[in-house]
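Throughout, read-outs are computed from the coordinates displayed, never taken from laboratory work. This structure is a prediction, so every number in the text was calculated from the model and none was measured. For neighbour counting, all protein chains shown are included, and Cβ atoms are generated from backbone atoms with ideal geometry for every residue, glycine included.
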Amino acid sequence: MKPVGGSIQFAPSRTSSLDSVNGGILIEPEESQAAQKIAAYGRQSSMEEDGPIPMFGTADQNLIEADNANDDDTYSDPEDEELMMQLAIEAEEHARFASTMNNKTQKQNIEDYERELKQLRTQQKKDRRDADEVTHIMMTECQQLLKLFGLPYITAPMEAEAQCAELVSLGLVDGIVTDDSDIFLFGGTRVYKNMFNQAKFVECYLSSDLEKEFDLTRRKLIRIAHLLGSDYTEGLPGVGPVTALEILSEFPTLEDFRDWWQGVQMGNISKGEDAKTPFRKKFRRNATKLFLPPVFPDQRVDVAYLEPEVDSDPSPFQWGVPDLDALRSFLMATIGWTQERTDEVLVPVIRDMNRRIDEGTQSNITNFFQG
């Protein structure tokens, strides 16, 4: 059995030069906001990483010295030179004032400020890591982390769910990990929910069961999306799941439902004609309160689900081994792990992987899903 895919999904690599076969990770691009399903960790720019410069101290002294050294080249205007001198005087006055207020030397104040600044940067990284919103920086860091671990991934051209469904169709994965039910509208056939929720059991849903038990094919699910709303349509206000299923049962197509509704609105369909079926007799009383958009059903919604933009490359999965040195630097910069902490977690894993490679018994994630 092959690995499971998902919104963060095992998928084939298009750029990796890693050396063993199987799965990877699918990352949805920032441009597609409809799904909003990726989880990754982000990294600030070099300016954000450095944080603010203290009001005085070593950083200011270096800055002033550098500016003074380049005054002839950079500041030819006497007003600029006077401004820089004034800034230097103010910085020095602030340093003396702080020393007087807290009875510490200027050097001690600088050390205290730098220590506090380091703590603030660490807290900023933690807050950024725990943020609910997935940013472009977080996605970039996630991709970098995957590369360092030797995990292949692809970036979905548009919707992550659509790409995952395509991977299932290509036979590259056996299932999809997501809590978004839109996956069935994109053609997903096997979906796993609660994979990362320790308080719940993992649940598996099959499109074949939906069709067998509820007569809900993929196209019928798309029609329900027209009625209830989805990422691509607002749906009809006042129509709930039960009414939506009744509409599908009563009318062969949404065009038929639209024509009937228009007939009721225009008075072209009598009560006697609708009395033939219990649903029409009941529903026509509320039909005057229901409003359909000018274009209903919108065929663009069907196209979005049936013909999504996806990567259809059937290339096999390529796996590699973790880059320990690069991981040390990465984890230190992003989450503040020391080398000792990183080695404590990763060295045993890498040692076991190397042992398996030497013995010719190297396993990958596919093995964990084989019965």
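Descriptive notes on the structure:
- Extreme residue, positive dipole direction of segment 126-211, given options 164, 145, 194 (C-beta unit charges): 145
- Size of charge dipole - segment 174-257 - debye, nearest 20, with Cβ of Lys, Arg +1 and Asp, Glu -1, no other charges: 220 debye
- Neighbour-count order for 288, 334, fewest beta carbons within 10 angstrom listed first: 288, 334
- Selection among 277, 353, 242 by position relative to the dipole of segment 237-371 gives 277 as farthest towards the positive end (Cβ unit charges, Cα centre).
- Pairs of alpha carbons in segment 246-294 whose separation is greater than 18 Å (percent): 19 percent
- Over every Cα atom in segment 215-371, the radius of gyration and the widest Cα-Cα span, Dmax, amount to 28.5, 81 Å.
- Sorted by Cβ neighbour density within 10 Å, fewest at the top, the residues 323, 256, 274: 256, 323, 274
- Here the 3J(HN,Hα) profile of segment 337-353, calculated from phi with Karplus coefficients 6.51, -1.76 and 1.60 at θ = phi - 60°, is 6, 6, 4, 4, 5, 4, 5, 4, 8, 9, 4, x, 5, 5, 4, 5, 5 Hz, Gly and Pro shown as x.
- Lys, Arg +1 and Asp, Glu -1 on Cβ, resulting dipole of segment 246-294 about Cα centre, debye, nearest 20: 340 debye
- Normalised contact order of segment 246-294, rounded percent, pairs of Cα under 8 Å and 6 or more residues apart: 32 percent
- Of the chymotrypsin sites (Phe, Trp or Tyr not before Pro) found in segment 211-289, no site is in coil according to DSSP while having at most 12 other Cβ atoms within 10 Å of its Cβ.
- Residues 164, 204 in ascending order of nearby Cβ atoms (within 10 Å, fewest first): 204, 164.
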